[in-house]
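A quick write-up on the structure given underneath.
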Amino acid sequence: MAKQEDRFVKTYSQGGGFSPQVQIWVDKQTGVNYLWQANGYAGGLTPLLNRDGTPVITTVPRPEYP
């Protein structure tokens with residue numbers, strides 16, 4: 001069985017250790033950006049929004065298929 005390609009890619013990371021960790025993950029299928037924050041044993045995930053309330057979309061290059 002072929003290995004399934006990962007759907008999400010981490011594009012930004014800040015903090016860690018004793019400070020809260022913040023990461024931005026991009027869904028490669030939709031381009032939607034998600035904000036992940038972890039602090040100790042707690043964490044949360046939410047879509048990253050523009051000023052007008054729409055989700056931040058990143059253009060993700062798609063591989064060429066024959």
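Using the Karplus relation 6.51 cos²θ - 1.76 cosθ + 1.60 with θ = phi - 60°, the per-residue 3J(HN,Hα) values for the stretch 10-25 come to 7, 10, 7, 8, 8, x, x, x, 8, 9, x, 9, 10, 9, 10, 10 Hz, with x marking Gly and Pro. Charging the Cβ of each Asp and Glu at -1 and of each Lys and Arg at +1, and nothing else, the dipole of the chain about its Cα centre rounds to 60 debye.
Close amide H partners of Y12, meaning residues 5 or more places away or on another chain with modelled amide H under 5 Å apart, are I24.
Send over a whole-number figure in Å² for the accessible area per residue of the chain, probe 1.4 Å. All intermediate terms of the calculation are to be shown ahead of the outcome.
Details: 5610 Å² over 66 residues.
Each residue of the chain exposes 85 Å² on average to a 1.4 Å probe.
Computed with a 1.4 Å probe on the full set of protein chains, the accessible area for T59 sits at about 130 Å².
Convex hull volume of the Cα atoms of the stretch 1-64, normalised per residue: 124 Å³. How many percent of the accessible area of the chain is carbon or sulfur, using a 1.4 Å probe? Carbon and sulfur atoms account for 57 percent of the accessible area of the chain.
How would D27, D6, D52 rank on accessible area, largest to smallest, probe 1.4 Å?
On the way: D27 5, D6 95, D52 120 Å².
Ranking D27, D6, D52 by accessible area, largest first, yields D52, D6, D27.
Sticking with the crude label model, points 7 Å out along Cα→Cβ, report the distance from V60 to K28 in nm, one decimal please. Using points 7 Å along Cα→Cβ, the separation is 0.7 nm.
The values are calculated or read from the model by the stated rules, or taken from the named source; none is laboratory data. This is a predicted model, so every value here is computed, not measured. Ideal geometry is used to build each Cβ from the backbone, glycine not excepted, and the neighbour counts take in all protein chains shown. Just the protein is used for accessible areas: all its heavy atoms, side chains included, with ligands, DNA and RNA removed. Shrake-Rupley method; radii C 1.70, N 1.55, O 1.52, S 1.80 Å.
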